[in-house]
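Peer 1: Before I ask anything, let me first share the structure, which is written out below as structure tokens.
The values are calculated or read from the model by the stated rules, or taken from the named source; none is laboratory data. As the structure is a prediction and not an experimental result, all values here were calculated from the model. With ideal geometry, Cβ positions are generated from the backbone for all residues, glycine too; neighbour counts draw on all protein chains shown. The accessibility values were calculated without ligands, DNA or RNA, using every heavy atom of the protein model including side chains. Shrake-Rupley method; radii C 1.70, N 1.55, O 1.52, S 1.80 Å.
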Amino acid sequence: MSDPALDLLRRVFGHSGFRGEQRQIVDRVTGGGDALVLMPTGGGKSLCYQLPALLRDGCALVVSPLIALMQDQVEALRQLGVRAAYLNSTLDAGAAAEVERQLLSGELDLLYVAPERLLTNRFLSLLDRARIALFAIDEAHCVSQWGHDFRPEYRQLTVLHERWPDIPRIALTATADAPTRREIAERLALEDAQQFVSSFDRPNLRYRIVHKDGGGTRQLLDFLHAHRGESGIVYAFSRKRVETVAEQLQAAGINALPYHAGMDASLRAQNQRRFLQQDGIVMVATIAFGMGIDKPDVRFVAHVDLPKSIEGYYQETGRAGRDGEAAEVWLSYGLGDVVNLRQLIQQGEAGEERKRLELRKLDALLGYCESTQCRRQSLLGWFGEAHGGACGNCDNCLEPPRSWDGTQAARKALSCVYR
């Protein structure tokens with residue numbers, strides 16, 4: 001008996017079979033049902049809407065927050081023979097008009113678009129005249145004001161359900177704790193959608209955290225020495241820090257490239273292409289780099305500065321080892337990082353409630369860094385997933401830290417203060 005979904009998976013995407021709950025998700029959306037999908041980075045989220053896009057009549061509209069993500073995925077799909085395109089600010093008027101013509105004439109299977117463009121009256125009117133197979137809302141955590149990457153435009157995506165109630169929707173994210181998941185369902189009117197929550201565990205990743213010694217450069221170089229010739233990402237706090245670290249690595253003979261939003265756009269795109277296409281390049285970047293970047297053989301992700309939250313840390317480290325092979329994630333942090341991030345939050349323009357939330361998230365990440373518990377157990381616990389601990393693949397399990405009972409010392413110190 002013929003199996004169209006499996007046939008397409010093998011013929012177009014080159015995979016022998018489905019992983020995890022991919023099959024159930026594909027069947028749900030292909031059959032016209034809504035779905036909310038939580039799957040770790042590298043778990044195969046994209047296939048969950050790309051396959052239904054090919055199985056249903058019309059063009060799938062994919063809402064995506066980053067230009068780099070769109071371009072990378074469209075390029076990969078075209079190489080597989082899939083009729084894919086994107087609409088974003090990099091296209092001139094003529095190129096954009098051609099994509100719109102292809103959409104209306106039924107020549108596209110998938111169209112990637114930013115939420116800002118989607119929400120314009122002109123584009124919504126265009127969709128009224130097109131045959132749409134499904135709506136896919138990628139990086140759906142952006143809808144949550146409690147999440148780590150809130151984007152107000154995502155709040156308005158309920159227009160998809162209101163205007164086209166019969167077209168199935170699939171919302172996908174790799175990083176959402178329980179409150180964020182509830183808000184995604186509520187804000188996108190997906191309360192009745194079937195939820196598919198995969199394990200957040202990435203057993204092939206080895207977690208290591210160290211206290212920063214000085215600027216941390218020597219520690220980073222020691223870490224990279226063990227990964228010489230491998231592709232990896234080094235995340236830094238600021239644009240200036242990215243430039244400095246990249247120069248230090250280059251001076252040490254490492255093939256490092258910088259990437260941040262303040263660079264010339266053509267140079268940034270060139271560096272990204274080199275990282276994707278060549279082996280052994282270390283990309284030194286702010287968090288502007290990485291979302292949706294599909295390079296399976298990233299063997300390490302290093303943070304030379306403390307991220308802002310556990311969700312951000314999880315998402316960034318998740319870019320390592322997407323091929324399922326062993327990879328290492330490494331973080332160095334110090335008191336200066338905490339001070340810088342606290343100042344950044346407190347001096348920001350967000351409301352007081354949002355600032356308190358971000359400070360709590362920072363405190364939770366600091367607690368994770370300073371914990372003597374199994375890293376995997378602590379990390380998964382944040383996402384509401386139980387783990388027995390003793391994973392055997394993190395620093396605290398491989399080299400258990402020495403601990404002591406400080407109760408008596410604390411009592412004496414408090415007594416001294418009281419007196």
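Peer 1: Output the 0 to 90 degree angle, nearest 10, between the alpha-carbon long axis of helix 352-370 and the longest principal axis computed from the alpha carbons of the chain.
Peer 2: Around 60 degrees separate the two axes.
Peer 1: In whole Å, largest first, what are the principal axis extents of the Cα atoms in the chain?
Peer 2: Computed over the chain, the largest-to-smallest principal extents equal 78, 49, 47 Å.
Peer 1: Right, here's the next one. In a shell of Cβ-Cβ distance under 13 Å around A269, excluding A269 itself, what net charge do Lys and Arg (+1) and Asp and Glu (-1) give?
Peer 2: So the environment of A269 carries a net charge of 0.
Peer 1: Extending each Cα 7 Å along its Cβ direction at R78 and R274, get the distance between those two points in nm, one decimal.
Peer 2: Here the modelled spin labels are 2.3 nm apart.
Peer 1: Based on alpha-carbon centroids, what's the gap between the range 76-100 and the range 211-265 in Å, whole number please?
Peer 2: 34
Peer 1: Between S16 and V197, what is the label-to-label distance in nm when each label sits 7 Å out along the Cα-to-Cβ direction?
Peer 2: Between S16 and V197, the label points sit 3.2 nm apart.
Peer 1: Measure nothing fancy, just the Cα-based angle from helix 265-277's long axis to the longest principal axis of the chain, in degrees from 0 to 90, nearest 10.
Peer 2: Rounded to the nearest ten degrees, it is 90.
Peer 1: Please calculate how many Å² of accessible area the range 325-419 carries per residue, with a 1.4 Å probe and no DNA, RNA or ligand atoms counted.
Peer 2: Heavy-atom accessible area per residue stands at 62 Å².
Peer 1: What per residue convex hull volume, in Å³, comes out for the range 1-125 when only alpha-carbon positions are used?
Peer 2: 126
Peer 1: On the protein heavy atoms, probe 1.4 angstrom, tell me the percent of accessible surface of the range 330-419 carried by carbon and sulfur.
Peer 2: Carbon and sulfur atoms account for 52 percent of the accessible area of the range 330-419.
Peer 1: Sticking with this one: Below 14 Å, Cα to Cα, which aspartates and glutamates can K355 reach? Residues fewer than 8 away in the same chain don't count.
Peer 2: Straight-distance partners of K355: D149, D363.
Peer 1: While we're here: Between R122 and N340, what FRET efficiency follows from the Cβ-Cβ distance if R0 is 30 Å, with the result rounded to 0.05?
Peer 2: The computed FRET efficiency comes out at 0.10.
Peer 1: Classify the range 367-419: rounded, prolate or oblate, from the alpha-carbon gyration tensor (a ≥ b ≥ c, eigenvalue square roots; a/c under 1.5 rounded; otherwise prolate if a/b is larger than b/c)? Display every interim value, and only then the final one.
Peer 2: Working: a/c = 4.06, a/b = 2.23, b/c = 1.82.
Taking the square roots of the gyration eigenvalues as a ≥ b ≥ c, the range 367-419 is prolate.
Peer 1: Let me ask something else about it. What net charge is computed for the residues neighbouring R356, neighbours being all others with C-beta under 13 Å from the C-beta of R356, Lys and Arg scored +1, Asp and Glu -1?
Peer 2: Residues close to R356 contribute a combined charge of +1.
Peer 1: Right, here's the next one. Given a 1.4 Å probe and every protein chain left where it sits, what share in percent of the accessible area of the range 213-274 is carbon and sulfur?
Peer 2: Whole-percent figure for carbon plus sulfur exposure: 49.
Peer 1: Moving to a separate point now. With a cut-off of 8 Å between alpha carbons and a minimum separation of six or more residues, what is the relative contact order of the chain in percent?
Peer 2: So the answer I get is 16 percent.
Peer 1: Is the range 265-419 best put as rounded, prolate or oblate by its Cα gyration tensor, with a ≥ b ≥ c the root eigenvalues, rounded for a/c under 1.5, and otherwise prolate when a/b is larger than b/c, oblate when not?
Peer 2: Working: a/c = 2.42, a/b = 1.49, b/c = 1.63.
Because a/c hits 1.5 or more and a/b fails to exceed b/c, the range 265-419 counts as oblate.
Peer 1: Right, next: Taking a probe of 1.4 Å, how large is the accessible area per residue of the range 79-142, in Å²?
Peer 2: On the way: 2670 Å² over 64 residues.
Result: 42 Å² of accessible area for each residue.
Peer 1: Nearest 10 degrees is fine. How inclined is helix 178-187 to the longest principal axis of the chain, computing both from alpha carbons?
Peer 2: So the inclination is approximately 30 degrees.
Peer 1: What percentage of the solvent-accessible surface of the range 88-165, computed with a 1.4 Å probe over protein heavy atoms, is contributed by carbon and sulfur atoms?
Peer 2: For the range 88-165, the apolar C and S fraction of the accessible surface comes to 48 percent.
Peer 1: To continue, here is another question. Step through the residues of the range 157-169 one at a time and calculate ³J(HN,Hα) from phi using the Karplus curve (6.51 cos²θ - 1.76 cosθ + 1.60, θ = phi - 60°), rounding each to whole Hz and writing x for Gly and Pro.
Peer 2: 3J(HN,Hα) across the range 157-169, in whole Hz: 6, 4, 4, 5, 6, 5, 8, 10, x, 8, 8, x, 10.
Peer 1: Just need the relative contact order of the range 281-419 here, percent rounded to a whole number, with Cα pairs under 8 Å and 6+ apart.
Peer 2: Working: 119 pairs, mean separation 25.2, N = 139.
Reported relative contact order: 18 percent.
Peer 1: For the range 159-253, what is the accessible area per residue in Å² when the probe is 1.4 Å? Don't skip to the end; give the middle numbers.
Peer 2: Numbers: 4540 Å² over 95 residues.
Here the per-residue accessible area is 48 Å².
Peer 1: Taking θ as phi - 60°, what are the ³J(HN,Hα) couplings along the range 191-197 by the Karplus curve (6.51, -1.76, 1.60), each to the nearest whole Hz, with x for Gly and Pro?
Peer 2: Residue by residue, the range 191-197 yields 4, 8, 5, 6, 9, 10, 10 Hz.
Peer 1: Can I ask one more? In whole Å, what is the distance between the alpha-carbon centres of the range 50-67 and the range 177-193?
Peer 2: Each part's Cα centre sits 21 Å from the other's.
Peer 1: Using R₀ = 45 Å, calculate the FRET efficiency as 1/(1 + (r/R₀)^6) where r is the Cβ-Cβ separation of A413 and D323; round to 0.05.
Peer 2: The pair A413/D323 has a calculated efficiency of 0.35.
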